[in-house]
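Chemist: Here it is, the structure, as structure tokens.
The values are calculated or read from the model by the stated rules, or taken from the named source; none is laboratory data. The structure displayed is predicted, hence computed values, not measured ones. Neighbour counts run over all protein chains shown; Cβ positions are idealised from the backbone, glycine included. Calculation scope for accessible area: heavy atoms of the full protein, side chains included, ligands and nucleic acids excluded. Shrake-Rupley method; radii C 1.70, N 1.55, O 1.52, S 1.80 Å.
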Amino acid sequence: MFEKEDYTKVLDRARRKRNNKDYLRYLIIALGAAGVILAAVLAGMAVKKGLSGDEKNREAVQTVDETGYTEDVTLDPEAAAQSEEELKELERQAEEAAEKQAVVDAYGNLGLVQVSGYLNVRKTPDSSGDIIGKMQENSVCQIVGQEGDWYQIHSGQVDGYISSQYVLTGEEAKAAALEQVKLRAVVTADNVNIRQTPELGLDNVVAQALLDERYEVVSQEEGWVQTTGGYISADYVDVRYALNEARKMDLKAMAINQYQNLLISKVSNYLNIRSTPKDEGNSNIIGKLPGKAAGEILETEDGWYKIHSGNITGYVSADSQYTATGQEAIDLAMSSASLMAIVNTDKLNVRTSPSTDASIWTQISKEERYSVVQQLDGWVQIELDGGDEEGDDSAYISTRDNNVEVRYALTEAIKFSPLEELANQQASRRNQIVNFAIKYVGNRYVWGGTSLTNGADCSGFVQSVMRNFGITLPRTSREQAKVGRAIKSSEMRPGDLIFYANSSGTINHVAMYIGNGQIVHAASSKSGIKISTWNYRSPKTIRSVID
């Protein structure tokens, strides 16, 4: 039998056990003792009003812990009555502790991630496997198997593999996880907006939350839950004690989440970007935003959006027939985001097959984003252009030296200023040709076609533009490359033609130089007629056919 002590001393003893792994057990014992005491107090006040003063001060209850020993707890009714609110708080804490413990106990074989930042979840148990999710620091998972240095895990909506060297397991993981159980908003819908303020609106969406993602709760107000990432409608979350788990890599959502205040171009070809918020014809055009291209809204000014897209900052019309914002922009972006190869070096070799033994037949520039045809181990096949011959070469680039990033992305703005018509007749004619060609940007690429409106291939496009100014060219790019005279890149002027070759060295693609280091060309069935940098791949020859 232990010496008698009041319930506050029992709690003190429990608190002193805080650094001991048995802390929770002692706390629950102490709280249980407090509950029994409160019940005895209330009963004593109701049916034992006739007790003497000594009896009031000496009435006691006994508690029994899991080791079997009993302990008398002396009870002072008056002190207990005064502590009723404190006991209610203790009961609340006991319930909270039980809920948190239940969260941890729900994991059969718990693993806790200990990294600075996040840990990749991969599709296969190797460091080159596709990344299918991410686990933030102190996220948890259920370990379902092990292959070498990799744990096979289930966490949230993700099933995959994580490196075992960053994972805490066993009783140590459970103890650490208990400290990470917090009130979280667990997303219950496939895709939910996270907003800057607790109100519906087109301009305050800051991110997207996916099914089963967990966000720590900051506060709750009518209809909204404030999280560390922003406000989420209470209709689409379950607020409860939970641990953080893996987040699925929705690659399209990742592309969209790069924009804090997304804008999408709704035009079929290009939307002009201007240096000032007013239409001054060609004089203040500094760039073009392709159809379905993305930008970030910086501010709104009298019917104009100031945006940043690519390397361009300027103004576009805020008319809803030309631009989409809010949920409309997100929906358009989700449907148009595509897998692209984004080059990180000035020049990157392109090979005819996915092997370093294959020949290098051209180089590509970091100024462009290239559509991905397929991904292979250490290689990616990209789309260069459609050409005007059947059976054009496949293009492969290596991903092993981190010179290229393969991810879902959105098209962005390109730098472009219309050429002014000059007093010099020859220069004016060149500028007229270029400005005429630009009018058809965004129209279709059709192999064998020559129609500027209904579809053309590369040589058909150039042939039809030149014909409008009385210049006759052969039908194919190979034959067009024999017309006029060869010039150096330093001598290029608007209207000159740039030719590109396939892997065998045969010319199979042509584009028109439009000034400022850019070309216009019928690129491919996916891209249509577009503007690119003149050296988006290595040119074979440059010809002047106008003079």
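Chemist: Considering (1) open to solvent by less than 40 Å² (accessible area, probe 1.4 Å); (2) within 15 Å of the chain's Cα centre (by Cα), say which one residue 217 fails and leave the rest.
Modeler: Looking at each condition in turn, residue 217 falls short on (2).
Chemist: Checking residue 235 against (1) without any contact (Cβ under 8 Å) to a residue 24 or more places away in the chain; (2) under 30 Å from residue 130 (Cβ atoms); (3) not in a loop (DSSP other than H, G, I, E, B), only one condition comes out false. Which one?
Modeler: (2)
Chemist: Can I ask one more? Might you check whether a residue that is surrounded by fewer than 20 Cβ atoms within 10 Å (Cβ to Cβ), without any contact (Cβ under 8 Å) to a residue 24 or more places away in the chain and farther than 19 Å from residue 119 by Cα occurs anywhere in segment 155-163?
Modeler: No, segment 155-163 has no match at all.
Chemist: For the subset of segment 435-466 comprising residues that are assigned to a loop (DSSP other than H, G, I, E, B) and among the small types (Gly, Ala, Ser), which member is least open to solvent (accessible area, probe 1.4 Å)? Explain how you work it out, then say what you get.
Modeler: Taking segment 435-466 first, the residues assigned to a loop (DSSP other than H, G, I, E, B) are 439-444, 446-449, 452-454, 457.
Checking which are among the small types (Gly, Ala, Ser) leaves us with 442, 448-449.
Details: 442: 36, 448: 44, 449: 12 Å².
It comes out as 449.
Chemist: Restricting segment 467-489 to residues that are out of contact with any Cys (no Cβ under 7 Å at 6 or more places or on another chain) and outside any loop (DSSP other than H, G, I, E, B), which is farthest from residue 543 (Cα to Cα)?
Modeler: Filtering first and then ranking leaves 467.
Chemist: In segment 236-270, which residue that is at pLDDT 90 or above and among the aromatic types (Phe, Trp, Tyr) is surrounded by the most Cβ atoms within 10 Å (Cβ to Cβ)? Give the steps one after another, and end with the answer.
Modeler: At the first step, the residues of segment 236-270 found to be at pLDDT 90 or above are 236-246, 261-267.
Then drop every residue that is not among the aromatic types (Phe, Trp, Tyr), which leaves 236, 241.
Values: 236: 18, 241: 14.
The selected residue is 236.
Chemist: Scan 265, 275 and give me the residue that is more than 16 Å from residue 412 (Cα to Cα) and touching a Gly at 6+ places or on another chain (Cβ under 7 Å).
Modeler: Answer to the selection: 275.
Chemist: Right, residue 300: open to solvent by 40 Å² or more (accessible area, probe 1.4 Å) and within 28 Å of residue 200 (Cβ to Cβ) or not?
Modeler: Yes: the conditions hold for residue 300.
Chemist: Here is a follow-up. Which residues, taken from segment 128-145, are closer than 28 Å to residue 399 by Cα, without any contact (Cβ under 8 Å) to a residue 60 or more places away in the chain and not acidic (Asp, Glu)?
Modeler: Hit for segment 128-145 is 129, nothing else.
Chemist: Name the residue that is surrounded by the most Cβ atoms within 10 Å (Cβ to Cβ), counting only residues in segment 332-373 that are over 21 Å from the mean Cα position of the chain (by Cα) and closer than 30 Å to residue 266 by Cα.
Modeler: Checked segment 332-373; the qualifying residue surrounded by the most Cβ atoms within 10 Å (Cβ to Cβ) is 364.
Chemist: Separate question: Mind counting the residues in segment 250-282 that are farther than 30 Å from residue 120 by Cβ, among the basic types (Lys, Arg) and touching a helix residue (DSSP H, G or I) at 6+ places or on another chain (Cβ under 8 Å)?
Modeler: Result for segment 250-282: 1.
Residue by residue, here is whether (1) in contact with a helix residue (DSSP H, G or I) (Cβ under 7 Å, 6 or more places away or on another chain); (2) not polar (S, T, N, Q) holds:
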residue	(1), (2)
129	no, yes
132	no, yes
139	no, no
142	no, no
150	yes, yes
155	no, no
158	no, yes
167	no, yes
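Chemist: Which residues, counting only those in segment 271-292, are of a type in the set (Gly, Ala, Ser) and open to solvent by 20 Å² or more (accessible area, probe 1.4 Å)?
Modeler: Correct list: 275, 281, 283, 291.
Chemist: Which of the residues belonging to segment 191-206 are surrounded by fewer than 17 Cβ atoms within 10 Å (Cβ to Cβ) and either β-branched (Val, Ile, Thr) or modelled with pLDDT under 80 (or both)?
Modeler: Result: 191, 197, 201, 202, 203.
Chemist: Further, regarding this structure: Give me the residue from segment 518-547 that is of a type in the set (D, E, K, R) and touching a strand residue (DSSP E or B) at 6+ places or on another chain (Cβ under 6 Å) and, out of that set, least open to solvent (accessible area, probe 1.4 Å).
Modeler: 537
Chemist: Answer yes or no: is there a residue in segment 502-517 that is crowded, with 19+ Cβ neighbours inside 10 Å and assigned to a loop (DSSP other than H, G, I, E, B).
Modeler: Yes.
Chemist: Residue check, residue 226 against (1) under 30 Å from residue 124 (Cβ atoms); (2) open to solvent by 40 Å² or more (accessible area, probe 1.4 Å); (3) without any contact (Cβ under 8 Å) to a residue 40 or more places away in the chain, all met but one. Which one?
Modeler: (1)
Chemist: Of the numbered conditions (1) closer than 22 Å to residue 369 by Cα; (2) of a type outside the set (A, V, I, L, M); (3) in a strand (DSSP E or B), residue 299 fails exactly one; give the number of that condition.
Modeler: The single condition residue 299 does not satisfy is (1).
Chemist: Just the residues that are open to solvent by 40 Å² or more (accessible area, probe 1.4 Å), in a strand (DSSP E or B) and either more than 25 Å from residue 137 (Cβ to Cβ) or among the hydrophobic types (A, V, I, L, M, F, W, C) (or both), please, taken from segment 165-190.
Modeler: Of everything in segment 165-190, just one residue is open to solvent by 40 Å² or more (accessible area, probe 1.4 Å), in a strand (DSSP E or B) and either more than 25 Å from residue 137 (Cβ to Cβ) or among the hydrophobic types (A, V, I, L, M, F, W, C) (or both), namely 183.
Chemist: Here's a check for you: in segment 467-490, which residue that is under 20 Å from residue 432 (Cβ atoms) and open to solvent by 70 Å² or more (accessible area, probe 1.4 Å) is farthest from the chain's Cα centre (by Cα)?
Modeler: 472
Chemist: I need the full set of residues from segment 113-135 which are closer than 18 Å to residue 169 by Cβ and assigned to a strand (DSSP E or B), in order please.
Modeler: Of everything in segment 113-135, those that are closer than 18 Å to residue 169 by Cβ and assigned to a strand (DSSP E or B) turn out to be 113, 119, 121, 135.
Chemist: Considering 181, 225, 144, 140, which residue is at pLDDT 95 or above and more than 17 Å from residue 110 (Cα to Cα)?
Modeler: Checking each option against the conditions leaves just 225.
Chemist: How many residues, within segment 266-296, are under 24 Å from residue 444 (Cα atoms) and assigned to a loop (DSSP other than H, G, I, E, B)?
Modeler: Within segment 266-296, residues that are under 24 Å from residue 444 (Cα atoms) and assigned to a loop (DSSP other than H, G, I, E, B) number 7.
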